[in-house]
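Visitor: Got a structure for you, written out below as structure tokens; questions coming shortly.
The values are calculated or read from the model by the stated rules, or taken from the named source; none is laboratory data. Since this is a predicted model, take the numbers as computed values, not measurements. We place every Cβ from the backbone using ideal geometry, glycine too, and count neighbours over all the protein chains shown. These area figures cover heavy atoms from the full protein model, side chains too; ligands, DNA and RNA do not enter into them. Shrake-Rupley method; radii C 1.70, N 1.55, O 1.52, S 1.80 Å.
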Amino acid sequence: MIGFISLFLFLSMMLPGAANTALKFSDDGTSVVSFPVDMSSLAGQFSFCVWVKRIVPGTNPVAFAYEESELFLYATGAPKMFKVDMPLSNNKPPMSTWYHYCGTWSLGSQTFKGYINGALVVTQTIPARFLKTSGNMVLGDYWNPYARGASYNDFGGEMFNLNFFSNELTGGEVAAMSKDGLCTQVGFDDTRVIKWEELLTKPKMGNVQDISLDCPDSKDELENSAECESDLSNIKAEMENMKLELQEAKKELENGAKRESDLKTIKTELEKELANVPECDLQKGKLTRWDVLYSCNFYKKTFTRKLQKKFRKMWSKTKGLFGEQLTDEAIEKFKDLHKQADDNCGTD
């Protein structure tokens, strides 16, 4: 039973979840995810990382924005913070390709660093002040078009795994999050304060769709999956054993039925053979006529014409015993009466 429960849990974990769900935004100017957010744990330092794929060029499309110019990221990977633009020196990433964008900042360093696919692409000095501790975050645009109208910075494309961390990640840590491509595990759960799986639950406006990616689950889920794989193998082995046991049981039942049939056949044949045994064979062979008298049908029964009629072809001298019980003494009399018939068996 435990094996089947494990199997059920294993199959349940194979269903699409946050670990492989991305968001797809239409470029209609109204497709966004907008929600209030607490940034107090990020006010003095933070890092963010996100996967972005542009599908529609658009006019300076914005992947996400916090309080408009407080912090936002263009879909090309160029960041902006405290109204300070940080244009990229390299060419814009090509369309329909996933790119990993990260940004790190701390009040102590007063420096913002931008990364694309793990490589540092921009370093910018930022005014020394704290990030606003609360406000509104919008995914897919510069602001909420339902509150302020069209921004013409709407994003037509796909987004995956946007997370904010409460520390300034190193270049090595940033690179580690993109080394295995789109499905690289995020990690850093002790400092990850804004989580993609939570953003997926925020209200969607316009044409924003959940799409499934072909990614494995989280580390814990992968470990559970490995355990379930083992359980699945054990279940398979148990089922094979059960199959063999059922086959053996079936054979035993078939053999039992055959044995029963054989016994019935043997019994029938013996009855036929016994019925055909000649009178003298009964006397001189394995069975005697006296053994018959010891059966429950005759032993200690009153000897009547009805009983005598059964034996009259064999014994013609029994009329003198009418009225006697077939006791041992009476049977001895039978023997005496039929001694001559026994001696002449086969000549009658």
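Visitor: Give me the percent of accessible area attributable to carbon and sulfur for the range 124-183, probe 1.4 angstrom.
Guide: Here carbon and sulfur together make up 53 percent of the probe-accessible area.
Visitor: Let me ask you something else. By average Cβ neighbour count within 10 Å, what is the ranking of 178-191, 155-168, 19-32 from highest down?
Guide: Per-residue mean Cβ counts within 10 Å order the peptides as 155-168, 19-32, 178-191.
Visitor: Also, quick follow-up: Using only protein heavy atoms and a 1.4 Å probe, report how much of D85 is accessible, in Å² to the nearest 10.
Guide: The accessible area of D85 comes to roughly 80 Å².
Visitor: A further question on this structure: Of the accessible area of the range 13-87, with the probe set at 1.4 angstrom, what percent is carbon plus sulfur?
Guide: 52
Visitor: Spin-label point model (7 Å from Cα, Cβ direction): what's the L263 to N207 distance in nm?
Guide: 7.9
Visitor: Here's another thing I want to ask about it. Given that compact globular proteins tend to follow 2.2 N^0.38 Å, what is the ratio of the alpha-carbon Rg of the range 17-171 to that value?
Guide: 0.97
Visitor: Here's another thing I want to ask about it. In Å³ and rounded to a whole number, note down the convex hull volume per residue for the Cα atoms of the range 123-264.
Guide: 227
Visitor: Go through K24/K202; K267/K306; K236/K258; K267/K333; K92/K113; K80/K113 and tell me which ones have a Cα-Cα distance over 22 Å in this structure.
Guide: K267/K306; K236/K258; K267/K333
Visitor: According to a simple spin-label model (label point 7 Å from Cα along Cα-to-Cβ), what is the distance in nm between E254 and S109?
Guide: Taking the simple label geometry, S109 and E254 are separated by 7.6 nm.
Visitor: Keeping all protein chains in place, calculate the accessible area per residue for the range 138-216 (probe 1.4 angstrom), answer in Å².
Guide: That works out to 45 Å² per residue.
Visitor: Determine by what factor the alpha-carbon radius of gyration of the range 79-187 differs from 2.2 N^0.38 Å, reporting the quotient.
Guide: 1.15
Visitor: Which order do you get for R129, R192, R305 if you rank them by accessible area with a 1.4 Å probe, largest at the top?
Guide: So, going from the largest accessible area down, we get R305, R129, R192.
Visitor: Still on this structure, I have one more. Between T133 and K300, with labels modelled 7 Å along Cα→Cβ, what's the label distance in nm to one decimal, could you check?
Guide: 10.9
Visitor: Let me cross-check W196: its accessible surface, 1.4 Å probe, with only protein heavy atoms counted, in Å² to the nearest 10?
Guide: Taking all protein chains as shown, W196 has close to 0 Å².
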